[in-house]
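Novice: Attaching a single structure in structure tokens format; questions to follow.
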């Protein structure tokens, strides 16, 4: 891996290079995606069946688009029972963690009869997109569905592209069943997003769509935003390891590579104050790459977006970490909790040398759907928050309104909104 | 106002008609907006000064774009002191309510050395758009800025178009100062959104943009979403009054009109089980319209999107209210709290005959920036939540990782991610 001594120039270049991976840069597919959406809006089922034939080479119709109980049973019989067991353990941990995120309705009242509050309600219907083929990850199904279930969402409709044989990968179906999906449809791509957003004869419309997908899926989600809600648009994966001389170089190298294997746009960065660690990590990376099954992807990812960055001080390393705002941040220093207090921007923060990033991807419980590409500056991990919404509650008695009504009338009149003023003043006109 | 006995056909037509008001229908301005954004990205200050000259007829340059302390002092001297007083009282109520929304970081630990948690951090820099001219509402400044301040946002940059004389309306400046804005720039329209998103010589980039604006502002916000975060895109205002025979028809009529005066796209709907109430409200509406200063707007709004809907049962009325998912919902029935328990979708819920909607617009404390156009099915009122983000915290000891590490390795290998498996297994290789 290339090693760079960090200065303002190199930092600027690296930050710009990382942002180029954003899905916001692929506007050239917008027309294709918009056409698909329009077709599905106007021709509904007919259009999604045609697109499924064209893109997935599968014959899907009104009779087989919805996955049956029999197909789910078949999936269980096909999957290694020890994998089913691991999926169940992970699902339980994810459920336990996300229950702690639950928010509750509240109110505050005064003896004059005024009451203010906030009511929390689950979103009624959620669509979950699950990629097909090589990117069908059961862990991703768990991470997208369980927070919705914990929030109390009644309808959780999953969509995923079928194989040529019209089937869905068994791991996806088992994870969906374990997580609590209420219905599963064999359709993928922008056409699936359009179907969830506007409804078709076979698929009822939902209120919000979550889940990862390719560039067509990402652009379709962006296009339908406002008609429905969406999760944040996912970019390529990232890891940033912030380490001092106390870190184990072999562990650091292995963790960098665990992100690099995702795809060629993934980014793996070590920031350290230790030249010795930098050198050792670089050596260990080379040794590992040679042995790993996805070495071509890893090498390209490292060549494109992999860096070892040397800083003079820990403060400079922390500042850079906040500017990069990485999806995953590992802190492997002598006092990781102290460093954590200074971290402003990161999707998930892993503390100490045994908190390897895949622990969070699969098992510990926190969500692995995290803000990428610098968006941890303003977005959060997927959570129960994404599947609820709030309503303000305002209840005033005559006794509570009377002492303030003239102030409200004055404010409304000052803004020229006389009908607003009128609706308050007529209540005290006698 | 027209009165309609609700059936499935009329309900469908009304729901479709309301959705036509969506800002998502104005795609024809997209090219203009995209051009402005590109110009500001490449030519920065130069471009925003040119657009301000073109659209606002004001001479703005690097020397006067930022509002000075002197200009703010001048604003205080121009504004009626009793209005300053009302702004302060309202700001205090808004502050008190929003403090109750604060969320806190938490963690949970086990004696084996595993710790999971969630860290809450304020967003670093927020931009607040404030319309100029007739739509410059001090109340809107308070509602957009105070939640950011309560959340702990360090930089709150306000942008608003100047008048021809290069000045900002004094009410806007006073409200901004009272609410705690840290910097104010004289620029509006799509060019202001672009400047906040990408930065210029005079305006540093922010992480999130909130605040209402015209169609150009709304489309610009949609276009930059992903580069920065935005609030939900506001549509025209709405009120839905759900009332039974116990309601005071004069109060109901006045409240319907308080929304109708906003603009011609605003919607005012009464749903009631009482034919007598329906008739009386219709009469009272006619009487009020004749007296109100904004009667032309009100009449057009009522003709376009005003309805009195009669239902046979209260259940049917409630179900329709949930389908409309109104921005403002007033419940004026014998037992409004009971009805409220059945409400799933509404921005703000006003209970009882003295909880008139303008009480919420100006004074009670809950936010008046609310989801419109059916988006209360998935969006929430603007709140402190909009100005924070979360990071997951994961810290495992060797002791905590050891009993589960084989499960993680198995899961990672099942997904074909061998570098993920490797990063766990090497920690136990000795």
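Novice: Quick check: is even one residue across segment B:304-314 out of contact with any strand residue (DSSP E or B) (no Cβ under 6 Å at 6 or more places or on another chain), assigned to a helix (DSSP H, G or I) and either within 7 Å of chain A (Cβ to nearest Cβ) or more than 23 Å from residue A:427 (Cα to Cα) (or both)?
Specialist: yes
Novice: Scan segment B:121-130 residue by residue and report those that are touching a helix residue (DSSP H, G or I) at 6+ places or on another chain (Cβ under 8 Å) and surrounded by fewer than 24 Cβ atoms within 10 Å (Cβ to Cβ).
Specialist: Residues satisfying the conditions are B:122, B:124.
Novice: I would also like to ask the following. Out of all the residues in segment B:64-79, which are in a helix (DSSP H, G or I) and in contact (Cβ under 8 Å) with a residue 40 or more places away in the chain?
Specialist: Answer for segment B:64-79, where residues must be in a helix (DSSP H, G or I) and in contact (Cβ under 8 Å) with a residue 40 or more places away in the chain: B:71, B:72, B:74, B:75, B:76, B:78.
Novice: Identify, please: which residue in segment A:187-196 is under 22 Å from residue A:143 (Cβ atoms) and in contact with a helix residue (DSSP H, G or I) (Cβ under 7 Å, 6 or more places away or on another chain) and is, among those, nearest to the other protein chains (Cβ to nearest Cβ)?
Specialist: Going through the qualifying residues, I end up with A:193.
Novice: Moving on to the next point. Among the residues of segment B:102-134, what is the count of those that are touching a residue at least 12 places away in the same chain (Cβ under 8 Å), closer than 28 Å to residue A:409 by Cβ and either within 11 Å of chain A (Cβ to nearest Cβ) or part of a strand (DSSP E or B) (or both)?
Specialist: Of the residues in that region, 2 qualify.
Novice: Something else about it: If residue A:230 satisfies all but one of (1) within 26 Å of residue B:372 (Cβ to Cβ); (2) free of Cβ contacts under 8 Å to residues at least 60 places away in the same chain; (3) over 13 Å from the mean Cα position of the chain (by Cα), what's the number of the condition it fails?
Specialist: Status for residue A:230: all satisfied but (3).
Table: residues versus (1) more than 28 Å from residue B:344 (Cα to Cα); (2) modelled with pLDDT of 95 or more.
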position	(1), (2)
A:84	yes, yes
A:88	yes, yes
A:94	no, yes
A:98	no, yes
A:101	no, yes
A:106	no, yes
A:134	yes, no
A:143	no, yes
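Novice: Given segment A:355-430, what helices (runs of 4 or more DSSP H) lie entirely inside it while holding 2 or more residues that are touching a helix residue (DSSP H, G or I) at 6+ places or on another chain (Cβ under 8 Å) and more than 7 Å from every other protein chain (Cβ to nearest Cβ)?
Specialist: It comes to A:405-414, A:418-425.
Novice: With the checklist (1) over 21 Å from residue B:427 (Cβ atoms); (2) more than 8 Å from every other protein chain (Cβ to nearest Cβ) in hand, flag the one item residue A:247 doesn't pass.
Specialist: Unmet for residue A:247, out of (1) over 21 Å from residue B:427 (Cβ atoms); (2) more than 8 Å from every other protein chain (Cβ to nearest Cβ): (1).
Novice: What single numbered condition from (1) within 14 Å of chain A (Cβ to nearest Cβ); (2) within 15 Å of residue B:229 (Cα to Cα) fails to hold for residue B:138?
Specialist: (2)
Novice: On the basis of being closer than 22 Å to residue B:424 by Cα and surrounded by 21 or more Cβ atoms within 10 Å (Cβ to Cβ), does residue A:325 make the cut?
Specialist: For residue A:325, the condition - closer than 22 Å to residue B:424 by Cα and surrounded by 21 or more Cβ atoms within 10 Å (Cβ to Cβ) - is not met.
Novice: Still on this structure, I have one more. May I ask you to verify whether residue A:330 is buried (at least 22 other Cβ atoms within 10 Å of the Cβ), within 13 Å of another protein chain (Cβ to nearest Cβ) and closer than 21 Å to residue A:11 by Cα?
Specialist: It is true that residue A:330 is buried (at least 22 other Cβ atoms within 10 Å of the Cβ), within 13 Å of another protein chain (Cβ to nearest Cβ) and closer than 21 Å to residue A:11 by Cα.
Novice: Out of B:64, B:35, I need the residue that is touching a strand residue (DSSP E or B) at 6+ places or on another chain (Cβ under 9 Å), modelled with pLDDT of 95 or more, outside the structural domain of residue B:279 (by TED's automatic domain parsing) and surrounded by fewer than 17 Cβ atoms within 10 Å (Cβ to Cβ). Which one?
Specialist: Going through B:64, B:35 in turn, the sole match is B:64.
Novice: Turning to a different aspect of this structure: Among (1) facing chain A (nearest Cβ under 9 Å); (2) under 30 Å from residue B:403 (Cβ atoms), where does residue B:90 come up short?
Specialist: Exception for residue B:90: condition (2).
Novice: Here is a check on your reading of the model: is residue B:346 touching a helix residue (DSSP H, G or I) at 6+ places or on another chain (Cβ under 9 Å), at pLDDT below 95 and either buried (at least 24 other Cβ atoms within 10 Å of the Cβ) or in a loop (DSSP other than H, G, I, E, B) (or both)?
Specialist: No, not satisfied.
Novice: Any idea which of (1) part of a helix (DSSP H, G or I); (2) touching a residue at least 40 places away in the same chain (Cβ under 8 Å); (3) crowded, with 21+ Cβ neighbours inside 10 Å is the one residue B:282 doesn't satisfy?
Specialist: (3) is the only condition that residue B:282 fails.
Novice: Among A:149, A:205, A:177, which is the only one that is in the same structural domain as residue A:61 (by TED's automatic domain parsing) and in a loop (DSSP other than H, G, I, E, B)?
Specialist: A:205
Novice: Could you please let me know if residue A:36 is more than 10 Å from chain B (Cβ to nearest Cβ) and either over 28 Å from the mean Cα position of the chain (by Cα) or over 27 Å from residue A:151 (Cβ atoms) (or both)?
Specialist: Taking the combined requirement at face value, the residue satisfies it.
Novice: Report the residue count in segment A:237-261 for those that are free of Cβ contacts under 8 Å to residues at least 40 places away in the same chain and not in a helix (DSSP H, G or I).
Specialist: Adding up the residues that qualify gives 1.
Novice: Of the conditions (1) touching a strand residue (DSSP E or B) at 6+ places or on another chain (Cβ under 9 Å); (2) within 11 Å of chain B (Cβ to nearest Cβ); (3) closer than 26 Å to residue B:430 by Cα; (4) surrounded by fewer than 21 Cβ atoms within 10 Å (Cβ to Cβ), residue A:274 satisfies every one except a single condition; which number is it?
Specialist: With respect to (1) touching a strand residue (DSSP E or B) at 6+ places or on another chain (Cβ under 9 Å); (2) within 11 Å of chain B (Cβ to nearest Cβ); (3) closer than 26 Å to residue B:430 by Cα; (4) surrounded by fewer than 21 Cβ atoms within 10 Å (Cβ to Cβ), residue A:274 is out only on (2).
The values are calculated or read from the model by the stated rules, or taken from the named source; none is laboratory data. On a predicted model such as this, the values are computed, not experimentally measured, just so you know. As a convention, Cβ positions derive from the backbone with ideal geometry for all residues, glycine included, and neighbour counts pool all protein chains shown.
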